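Down below is the structure, laid out as structure tokens.
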Amino acid sequence: METFALFVIGGGPGGYSAAIRAAKLGLRVALAEKDALGGTCLNRGCVPTKALLHSSSTYRAAKHWESIGLKTSGLSFDIQGIYSRMGQIVAQQRDGVAALLKANGVTVMYGEASIVADHQVSVNGELFTCDNILVATGSRPALLPIPGADLPGVVTSDDLLKGLGVMYPSMVIIGGGVIGCEMASFYADLGCEVTILEAQPRLLPLLDEDLGSHLQTLFKRRKITVRCDALVQRITGTPGELTVTYGAKGKAKDATAAAVLLATGRWPVTDGLFAEGVEPARNGRFLQVDKQFKTSLPDVYAIGDVIGGMQLAHKAMVEGQAVAYNLAGMASPTDPGLVPSAVYTEPEIAAAGPTEAELQAAGVRYKKGVYQTLGNARSQIEQADRGFVKILVEEETGRLLAVHMICSRASDLISAFTPHLAAGSGYEELLRGMRPHPSFSEAVTEALEAVDGGAIHIMP
């Protein structure tokens, strides 16, 4: 029976990152994947979604090129061509992951893996022994327990991203979280009539209130209909004419469209993972872990979507590598507890640290600096939609607490803040460095200076 120091179950971002890191640290590593390397993120999530959004946002921008001196005629799009390019990017990235695993000496197996006993994993019926096991099996779309959720024409993000590309004339999206907002942007950019039904009072309810409210305003300008406090009751009809009945303000209302997208969160994938008699402690549907990502089973760890929390690829990657470092007797150089989030709408949204509501609930006294990007020269040059950068600092000490932004390149700009948030730096530390002009990053300087009312480009 072959033996490994670490056996990773799941080849998504968290799993393959942990496997490669552990191998680089000198451990003998195996990885089992039942589908395709890269997991949900690479095959049916982060990467393909952003490829689609690049195409759709470019198409939307091209409609306004005459305003910057460029002329086009006969502008159109090919939905199959958009999906074909998406597939090419996914395949290229997936091949890259396979090559990296091979180059680092990780033994890769394809098939169903299950933990059958302490330190034993079965893959397609073949047994392997291992000192440690890492569960990184990810998640799948959650299905609403409502009548009609299984009707033809009712789809999930997995269905949309693994297909060949279908352009719907209209769509109702149930769920105004990250997936719902990104897919709304994609389809609306291409001319689809989109309605979002969100059960909470605003879009992106897990992020700072100002971000969701601002995005809703931008969506309204793009003729995306948003209905918040909408509790979906049922779905009826046939493909091409589906009706979603929902309750709002005590009344039943209908939204009809050619297709319905369920974007109501994700559930962990643990089916068949544990043999009879091998059952870890759970936190609801998710596996329960401690601060070292250990489950209740001996030497079994779990990371990523399967343990809940923020379901983000970069979170899983850092968690997986933290486990690898721990097994090698080392501390992870990256803080797995500080997770930046990003939403790839136009403009992008990014955040790190607590929301204003969370700080208020905790009784934390804070100051904030806000800069509206309408006055930013680079934003004007690139015709970016109006956004803002908001920085929250501790009132007494000036310690940086959180950053919330909706602006061009937000997913890149947020990375300048995370090391300072992890280190507990004062916000003035970020003012030490000069930023180029004209650049989107100048908005960061303005927001930092606005904390104490000293921003140059904000009217007093």
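Where a number appears in this text, it was derived from the coordinates with a stated rule and is not lab data. Because the structure is a prediction, the values reported are computed rather than measured. Reconstructed Cβ throughout: ideal geometry from the backbone, glycine too, with neighbour counts over all protein chains shown.
Annotations
- Estimated at 0.36 nm per residue, the fully extended path between residue 127 and residue 77 surpasses their Cα-Cα distance by 12.9 nm.
- Proximal charge balance of residue 176 [Cβ under 12 Å; K/R count +1, D/E count -1]: -1
- Overall form of the stretch 363-428 per C-alpha gyration tensor (a/c, 1.5; a/b vs b/c): prolate
- Highest average packing first - 237-244, 278-285, Cβ atoms within 10 Å: 237-244, 278-285
- In a fully extended conformation the segment linking residue 238 and residue 117 would gain 38.8 nm over its present Cα-Cα distance, using 0.36 nm per residue.
- The stretch 347-450, relative contact order [Cα under 8 Å, separation at least 6], %: 35
- Compactness of the stretch 403-460 is given as radius of gyration and Dmax, 11.4, 32 Å, from Cα positions.
- Partnerless Cys - the chain, beta-carbon criterion under 4.7 Å: 130, 181, 192, 228, 407
- The per residue volume of the convex hull around the alpha-carbon atoms of the stretch 239-393 is 252 Å³.
- If the convex hull is drawn through the Cα atoms of the stretch 154-264, its volume per residue in Å³: 91
- Here is the list for the stretch 394-460: trypsin sites (Lys or Arg not before Pro) lying in DSSP coil, each with at most 14 other C-beta atoms within 10 angstrom of its C-beta, are 432.
- The stretch 172-240: trypsin sites (Lys or Arg not before Pro) in DSSP coil with no more than 13 other Cβ atoms inside 10 Å: 223
- Contact order, relative form, for the chain: 15 percent (alpha carbon pairs under 8 Å, 6 or more residues apart, mean separation divided by residue count).
- Label-to-label distance, residue 62 versus residue 193, with points set 7 angstrom from Cα along the beta-carbon direction: 2.5 nm.
- Treating r as the C-beta distance of residue 423 and residue 288 and R0 as 30 Å, the FRET efficiency rounds to 0.50.
- Loop GluC sites (Glu not before Pro), the stretch 1-77 (other Cβ atoms within 10 Å of the site Cβ: 14 or fewer; DSSP): 2
- Distance from the stretch 302-326 to the stretch 59-121 (C-alpha centre basis), Å: 21
- Simple point charges give the picture: +1 on the Cβ of Lys and Arg, -1 on the Cβ of Asp and Glu, and for the chain a dipole about the Cα centre of about 860 debye.
- Distance from the stretch 243-293 to the stretch 388-460 (C-alpha centre basis), Å: 36
- Across the chain, the convex hull enclosing all Cα atoms gives 174 Å³ per residue.
- With a simple spin-label model that places each label point 7 Å from the Cα along the Cα-to-Cβ direction, the separation between residue 209 and residue 278 comes to 4.8 nm.
- Taking amide H as placed 1.01 Å from N in the peptide plane, residue 301 has its amide H under 5 Å from the amide H of 133, 134, 135, 295, each at least 5 places away in sequence or on another chain.
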